[in-house]
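The values are calculated or read from the model by the stated rules, or taken from the named source; none is laboratory data. Note that this is a predicted model, so its numbers are computed, not measured. Note: ideal-geometry Cβ built from the backbone for every residue, glycine included; neighbour counts use all protein chains shown. For the accessible areas, the whole protein counts, side chains as well, though only heavy atoms, and no ligand, DNA or RNA atoms are used. Shrake-Rupley method; radii C 1.70, N 1.55, O 1.52, S 1.80 Å.
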Amino acid sequence: TDVLQRKLDMGVRVKKYITSYGDRPNDYEHVSSYFLAHFKQVHRKNNVDAKRELYTHLTSVVDTRSTRQIIVNVRDAIFRDHLKESSML
């Protein structure tokens, strides 16, 4: 998010590179919401059997506490999936 925020603050217009963004506001809140919604839509379209979960996180590459928490969440999700597959959960 730090890179995205910096680019937006520098005046980079998202719609110049992603035409489907259209005339939405070019601020961090709207742009990040658009990206999250877009990834979720692509996931739903390509996950017709609903077996794969999608976890989305907005994070900063320099925020190690947030990054650490994301890694813990991913690890826990993988562990839960293994427990489900082994009928232990």
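Annotations
- Only one entry in 78, 70, 18 is among the β-branched types (Val, Ile, Thr) and under 13 Å from the mean Cα position of the chain (by Cα), namely 70.
- Filter result for residue 8 (open to solvent by less than 60 Å² (accessible area, probe 1.4 Å), in contact with a Leu (Cβ under 9 Å, 6 or more places away or on another chain) and closer than 24 Å to residue 70 by Cβ): no
- Contacts under 6 angstrom Cβ, first residue in region 57-83 being free of Cβ contacts under 8 Å to residues at least 24 places away in the same chain, partner of a type in the set (Phe, Trp, Tyr), 6 or more apart: none
- Condition broken by residue 14, with the remaining ones in (1) touching a Phe, Trp or Tyr at 6+ places or on another chain (Cβ under 6 Å); (2) touching a residue at least 60 places away in the same chain (Cβ under 8 Å) satisfied: (2)
- Total residues in region 13-57, condition open to solvent by less than 50 Å² (accessible area, probe 1.4 Å) and over 27 Å from residue 72 (Cα atoms): 4
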